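Heads up: the structure comes next, in structure tokens.
The values are calculated or read from the model by the stated rules, or taken from the named source; none is laboratory data. Quick caveat: nothing in here was measured; it's all calculated off a predicted structure. Quick reminder, even Gly has a Cβ in these numbers, built from the backbone with ideal geometry, and neighbours come from all protein chains shown.
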Amino acid sequence: MRNVDLSPLYRSFIGFDHLATLLDSANRTDKSNGYPPYNIESVADDKYRITMAIAGFSDNELDIQSEHNTLVVKGIKPELKTDKKYLYQGIAERNFERRFQLGDYIKVIDAELENGLLHIFLEREVPEALKPRKIEIGTGKLLES
């Protein structure tokens, strides 16, 4: 795979360093193994839900953090010595870390664990100053002075 040098973006564009960092991180190969599986769905306008299948984890073994447009979900299982001898072990109760890149103004609202599924609720909160506003057409009387 070819590497792309993004250093010209850093010296030519002011304020686009976040975009260049995103492009640089997307350029690297993702080493995740697909565990745990997840869904991302739009539940309403500007409302989203991430659902992760995390069978065998309790809420005190999970850590959810949101910082700088990145959502990090970690599952940490304590190491237990067991005398069980599995003939087949299909339930993967191993530690994991899953990262999600959040868009601008996306906030994590809530999380709940139900029947082995972790639901994380997200919402886009655009500031009032950035929302579109209607401009009324005047008569031009302000210019006649």
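The residue that is surrounded by the fewest Cβ atoms within 10 Å (Cβ to Cβ), among those in the range 32-48 that are among the acidic types (Asp, Glu) and in a loop (DSSP other than H, G, I, E, B), is Asp45.
Would you be able to say whether some residue in the range 70-80 is in a loop (DSSP other than H, G, I, E, B), touching a residue at least 40 places away in the same chain (Cβ under 8 Å) and assigned by TED's automatic domain parsing to the domain that holds Glu41? No, every residue in the range 70-80 fails to be in a loop (DSSP other than H, G, I, E, B), touching a residue at least 40 places away in the same chain (Cβ under 8 Å) and assigned by TED's automatic domain parsing to the domain that holds Glu41.
Filtering the range 105-128 to residues that are more than 11 Å from the chain's Cα centre (by Cα) and either among the aliphatic types (A, V, I, L, M) or part of a loop (DSSP other than H, G, I, E, B) (or both) leaves Tyr105, Ile109, Ala111, Leu113, Asn115, Gly116, Leu117, Leu118, Glu125, Val126, Pro127. Would you confirm whether any residue within the range 126-138 is in contact (Cβ under 8 Å) with a residue 12 or more places away in the chain and surrounded by 10 or more Cβ atoms within 10 Å (Cβ to Cβ)? Within the range 126-138 (the criterion being in contact (Cβ under 8 Å) with a residue 12 or more places away in the chain and surrounded by 10 or more Cβ atoms within 10 Å (Cβ to Cβ)), the answer is yes, since at least one residue qualifies. Residues in the range 49-108 that are aliphatic (A, V, I, L, M) and surrounded by fewer than 12 Cβ atoms within 10 Å (Cβ to Cβ): Leu80, Leu87, Ile91.
When the residues of the range 94-104 are narrowed to those that are under 12 Å from the mean Cα position of the chain (by Cα) and part of a loop (DSSP other than H, G, I, E, B), which ends up farthest from Asp63 (Cα to Cα)? Among residues in the range 94-104 that are under 12 Å from the mean Cα position of the chain (by Cα) and part of a loop (DSSP other than H, G, I, E, B), the one farthest from Asp63 (Cα to Cα) is Asp104.
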